[in-house]
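The values are calculated or read from the model by the stated rules, or taken from the named source; none is laboratory data. Keep in mind that this is a model prediction, so the values were computed, not measured. For neighbour counting, all protein chains shown are included, and Cβ atoms are generated from backbone atoms with ideal geometry for every residue, glycine included.
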Amino acid sequence: MSLIVILFCMQIPLNLSATKWIVNVQNFSFSPSSLPLVILGDTIRWVWISGSHTTTSTTIPPGAAIWNSPITSAVPSFEYIPTVAGTHNYKCTPHAAGGMIASFVVSMPPGFAFNLKIFLEGPFDGAAMGTSLSGKGLLPLDQPFGPTLPYYGNNSPSWYYTGTEVVDVLPANVVDWILVELRDAPNGASATSATMFARKALFLKPDGSIVDLNGSGTPTVNMSVTQGLFAVIYHRNHIAVMNTNPITGSGGVYNFDFTTSSANFYGGTAGCKELSAGIWGMIASDGNADNQVNDFDKNDVWAAETGLSGYLGSDFSVESESNNIDKNTYWLPNLGKSSQVP
Ligand SMILES: [Ca+2]
Ligand SMILES: [Ca+2]
């Protein structure tokens, strides 16, 4: 009995991401005979209790490694680390005919990667986005979405987020910080803020890709999507957007390119802007982050900073200078636009 208790205790996860599953091998059964909850990265360990047996793979997923080991008093244990998801069947070779067969089912680990592409109107030059702020050393090391409030008179910026993302050194060749909020819902209309399950401050590259803090990695979250994945993209002075239909995933990676059509944006043309023929992106000039391009953006943001340079809310073109171009080229044409994110 004490041995069983010890073996049972060994099923406690060794760390947050890997479990060692114990299968007792005895006359004449594997116990437990099925393990339905194995996660990729876990270990299966067969432990001899009595008799003279084997653990021998039979039907296993394509690409999985076969195994075959005696389990006897002389070879009292064997470990196997699955590398492929799916059902793994195995047997004791001398006793399979008597029913000494068993299986375990391996699932992908929880969590997924998301590979999103978006353009901002301000820094977009017709093909890609400029990196002046990065080039001039003006980007902050800390994520910028948790400023002191009020923010240009607004006590509740649409993207307000106090995450601790920070870098020691800014990655090269990035446009700006960007905030991604993930929501899980069956359709766009129901993908409200109540369905949010993760937020991450990340970096935007000139080609529109949203990357991890090292400047190149695909962002990941240690969560699962149960209904449909929606991604709200926030920039500090552009109007937030969200995808229209759930983003489909494959192999634990969700890819979505907003830029190819206005139909990709929830609310269609009301919530995005054609930046160049057939290329769509986020609308510039919501300086105070109240989800609209309105007079506050000119009077409380732009008028307070015009003539300055730096990392400025009024720099709607996202290149460091606050001047008449920001007002006339980016604010005025967009006046009255508002976010369509539900
Ligand atoms: Ca505004
Ligand atoms: Ca500017």
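With the requirement that a residue be under 30 Å from residue 280 (Cα atoms) and either modelled with pLDDT under 95 or assigned to a loop (DSSP other than H, G, I, E, B) (or both), what does region 99-118 give you?
Of all residues in region 99-118, those under 30 Å from residue 280 (Cα atoms) come to 111-118.
Correct list: 111, 112, 113, 118.
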Under 6 Å by Cβ, and 6 or more places apart or on different chains, what pairs join a residue from region 298-314 that is closer than 16 Å to residue 286 by Cβ with one that is of a type in the set (A, V, I, L, M, F, W, C) and within 11 Å of ligand 2 (Cβ to nearest atom)? 298/331; 305/312; 314/302
Filter region 316-342 for residues that are within 20 Å of residue 129 (Cβ to Cβ), within 15 Å of ligand 1 (Cβ to nearest atom), in contact with a strand residue (DSSP E or B) (Cβ under 7 Å, 6 or more places away or on another chain) and hydrophobic (A, V, I, L, M, F, W, C) and give the result. 316
Looking only at region 284-315, count how many residues are surrounded by fewer than 23 Cβ atoms within 10 Å (Cβ to Cβ) and away from ligand 1 (no atom under 14 Å from the Cβ). 7
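Would you be able to tell me the number of residues in region 65-76 that are part of a strand (DSSP E or B), among the polar types (S, T, N, Q) and surrounded by 13 or more Cβ atoms within 10 Å (Cβ to Cβ)?
Here is the first cut: in region 65-76, the ones part of a strand (DSSP E or B) are 68-71.
Filter again for among the polar types (S, T, N, Q), leaving 68-69.
Now restrict to residues that are surrounded by 13 or more Cβ atoms within 10 Å (Cβ to Cβ): 69.
Counting residues in region 65-76 that are part of a strand (DSSP E or B), among the polar types (S, T, N, Q) and surrounded by 13 or more Cβ atoms within 10 Å (Cβ to Cβ) gives 1.
So for region 238-247 (the condition being surrounded by 15 or more Cβ atoms within 10 Å (Cβ to Cβ), under 21 Å from residue 339 (Cα atoms) and within 16 Å of ligand 2 (Cβ to nearest atom)), does at least one residue qualify?
Let us first name the residues in region 238-247 that are surrounded by 15 or more Cβ atoms within 10 Å (Cβ to Cβ), namely 238-244, 246-247.
Pick out the ones that are also under 21 Å from residue 339 (Cα atoms) and you get 238-244, 246-247.
Among the residues that remain, those that are also within 16 Å of ligand 2 (Cβ to nearest atom) are: 238.
Yes, some residue in region 238-247 is surrounded by 15 or more Cβ atoms within 10 Å (Cβ to Cβ), under 21 Å from residue 339 (Cα atoms) and within 16 Å of ligand 2 (Cβ to nearest atom).
On the given criteria, is residue 149 over 24 Å from residue 279 (Cα atoms), exposed (fewer than 14 other Cβ atoms within 10 Å of the Cβ) and either touching a residue at least 60 places away in the same chain (Cβ under 8 Å) or not assigned by TED's automatic domain parsing to the domain that holds residue 40 (or both)?
Working: over 24 Å from residue 279 (Cα atoms): yes; exposed (fewer than 14 other Cβ atoms within 10 Å of the Cβ): yes; either touching a residue at least 60 places away in the same chain (Cβ under 8 Å) or not assigned by TED's automatic domain parsing to the domain that holds residue 40 (or both): yes.
Taking the combined requirement at face value, the residue satisfies it.
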Within region 265-283, can you find the residues that are buried (at least 20 other Cβ atoms within 10 Å of the Cβ), under 24 Å from the mean Cα position of the chain (by Cα) and more than 16 Å from ligand 1 (Cβ to nearest atom)? 265, 266, 272, 280, 281
Here are 320, 314: which of them is under 17 Å from residue 159 (Cβ atoms), within 12 Å of ligand 2 (Cβ to nearest atom), in contact with a helix residue (DSSP H, G or I) (Cβ under 7 Å, 6 or more places away or on another chain) and among the polar types (S, T, N, Q)? 314
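Rundown of residues vs (1) within 24 Å of residue 111 (Cβ to Cβ); (2) at pLDDT below 95; (3) part of a helix (DSSP H, G or I); (4) not small (Gly, Ala, Ser), yes/no style:
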| position | (1), (2), (3), (4) |
| --- | --- |
| 30 | no, no, no, yes |
| 47 | no, no, no, yes |
| 50 | no, no, no, no |
| 63 | yes, yes, no, no |
| 78 | no, no, no, yes |
| 90 | no, no, no, yes |
| 97 | no, no, yes, no |
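Take the residues of region 323-342 that are assigned to a loop (DSSP other than H, G, I, E, B) and within 29 Å of residue 262 (Cα to Cα): which is farthest from ligand 2 (Cβ to nearest atom)? Reasoning before the result, please.
As a first pass, look at region 323-342 and keep what is assigned to a loop (DSSP other than H, G, I, E, B): 323, 335-337, 339-342.
Now drop any that are not within 29 Å of residue 262 (Cα to Cα), which leaves 335-337, 339-342.
Numbers: 335: 17, 336: 21, 337: 18, 339: 21, 340: 25, 341: 25, 342: 31 Å.
Selected residue: 342.
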